Amino acid sequence: MMIAILNGTHSDMEVTKVASRLSRETKEKLSLVFVIEVPRNVEVDREVSNLTNRAEDALDRMEKLSRNMKTRPVSQIIQSRFIGSAVVSHAIEERAQTIVI
C-alpha cells in the first residue's frame, strides 16, 4: 500500500503524479488521503462542512488525475487534531510501504 497525503493546495498535483507513477511501477495499491485538522473548539468526530467540502473537492480532482495516469486509487478523508500523528497512525494501520507527502 502506498499513501499520498493531500492538503488542498497546488502541491496535491505533484504529490498525486509522483504517487501514481510510483504505484504503477511498483504495483502497489494507491490510497489518496486528505487529513482534516479539526480545531480544538470542535469535537474531533464532528463534521466541519466547509473543510469536508474542500477535502472532497481535492480528492475528486486528484482521483481523476490518477486515473488518467492508469492507476485506480482509493480515497479517504481522516479527521484528527494533528495531521502528522494521523498520517503515521493511518500508515501503520494500512501497513503502508510508502508515504508520498
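The values are calculated or read from the model by the stated rules, or taken from the named source; none is laboratory data. Predicted model, so just to flag it, every value in this text is computed and none were measured. All Cβ positions, even for glycine, are placed from backbone atoms using ideal geometry, and neighbour counts span all protein chains on display. These accessible areas exclude ligands, DNA and RNA; they are computed on the full protein's heavy atoms, side chains included. Shrake-Rupley method; radii C 1.70, N 1.55, O 1.52, S 1.80 Å.
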Discussion item. Checking residue 100 against (1) more than 16 Å from residue 15 (Cβ to Cβ); (2) of a type in the set (Val, Ile, Thr); (3) modelled with pLDDT of 95 or more: exactly one of these is not met. Which one?
Written reply: (1)
Practice prompt. From (1) within 14 Å of residue 1 (Cα to Cα); (2) touching a Lys or Arg at 6+ places or on another chain (Cβ under 8 Å); (3) not aromatic (Phe, Trp, Tyr), pick out the condition that doesn't hold for residue 95.
Written response: (2)
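Which of the helices (runs of 4 or more DSSP H) contained wholly in the chain include at least 3 residues that are open to solvent by 60 Å² or more (accessible area, probe 1.4 Å) and touching a residue at least 40 places away in the same chain (Cβ under 8 Å)? Don't jump to the end; show me each part of the working.
Values: elements: 11-26, 49-68, 83-94.
Result: 11-26, 49-68.
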